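Everything below concerns the one structure shown next.
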Amino acid sequence: MTERHVYAQDPNAPERKAVTVPALRAMKQAKTRITMLTAYDASFAAKLEAAGIDVALVGDSLGMVVQGHGSTLPVTVEHMVYHTAAVSRGLKSTLLVADLPFMSDRDVATAMATATRLVAEGGAAMVKIEGAGHICEVISALADRAIPVCAHLGLTPQSVHKFGGYRVQGKGEEAAARLLADAHAVQKAGADMLVLECVPSALAAGITAELEIPVIGIGAGADCDGQVLVVYDMLGLTAGKRPRFSKDFLAGRDSVAAAIEAYIKDVRSGAFPAPEHSF
């Protein structure tokens, strides 16, 4: 991994130990909720770092909230490497995760090449990959080569056309059983963390209880080991209707820093997400 050159660090930010993959698992065991937000540039990354966010995600959501596309599908490997490197320069202790973009996980060789660039050029400490099935072979290959992996199940945005839109997943007994089986499969393949997006709260709670790895929810209820939001959603900056599972933490506060601190406080205490943010 390339050395981080920290950009615009707040000199008043408290020193803290670097968040590591083992540290995340220890947080799950200690029942300390993990805080995670997206970032796409060095300036926002520095704000997350100063506030003490545990994990920063360079999501392919940048295709929608930064580039203005209607989905994540146009995002390329070059885009992801560029934005990951920018975010890396704003971080010091926060663990950095980067998405493998659409079809860069189509086979082991392609996924390995993409992950190598995100780690070596971008400075990521972990890569995120959507789905199960054949993806388990990719997860296993990356894990065998000591590249930490965050799996992503439920509503996986790269599958938006197959789902017919951004819909809640895991509804009904059969769908829930399949999602639970996929969660165990990605853990067995070597995933170090799992994001569950837009799944019923009861199902997410069950998966979280059964898995040994940390489970991070987004629209998956309050019983996950942690929460993630798109930073523009939690600041009320996203154009159009804000997702139901999000909350505008900037409302009533006078700074981005205060909003991020409020998000951390509410996630840690379990106040967010509330029932109205869940399914």
Taking Lys and Arg as +1 and Asp and Glu as -1, residues besides K28 with C-beta under 15 Å from its C-beta add up to -2
When E78, E137 are arranged by how many other beta-carbons sit within 10 Å of their Cβ, fewest first, they go E78, E137
Roughly what would the spin-label model give for R268 and E210, points 7 Å off Cα along C-beta, in nm? 3.2
All-pairs alpha carbon distance profile, the range 236-279, 5 Å steps from 0, percent: 5, 22, 26, 27, 17, 3, 0
Residue separation times 0.36 nm, minus the C-alpha to C-alpha distance between A251 and T116: what's the value? 44.7 nm
Highest-fluctuation residue, L250, L24, L196 considered, GNM on the chain with Cα pairs under 10 Å: L250
Just how far, in whole angstrom, is the range 179-255 from the range 62-124 if you go by their alpha carbon centroids? 19
Output the pairs from K188/K265; K31/K247; K17/K241; K92/K241 with a Cα-Cα distance over 26 Å in this structure; if there are none, say none. K188/K265; K17/K241; K92/K241
Students often get this wrong, so try it: which of (i) 118; (ii) 141; (iii) 209 is volume of the Cα convex hull per residue in Å³ as calculated from the structure shown? (i)
Within the chain, helix-based [θ] at 222 nm, where runs of 4 or more DSSP H residues each add -39,500 (n - 2.57), nearest 500: -11500 deg cm²/dmol
Starting from the Cα of K171, draw a straight line to each of the lysines and keep only those under 19 Å, dropping any in the same chain fewer than 8 residues away. K162
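Computed from the coordinates by the stated procedures, all read-outs in this text should not be read as laboratory data. Predicted model only: the values in this text are computed from it and were never measured. Cβ coordinates were reconstructed from backbone atoms using ideal geometry, including for glycine residues, and neighbour counts include every protein chain displayed.
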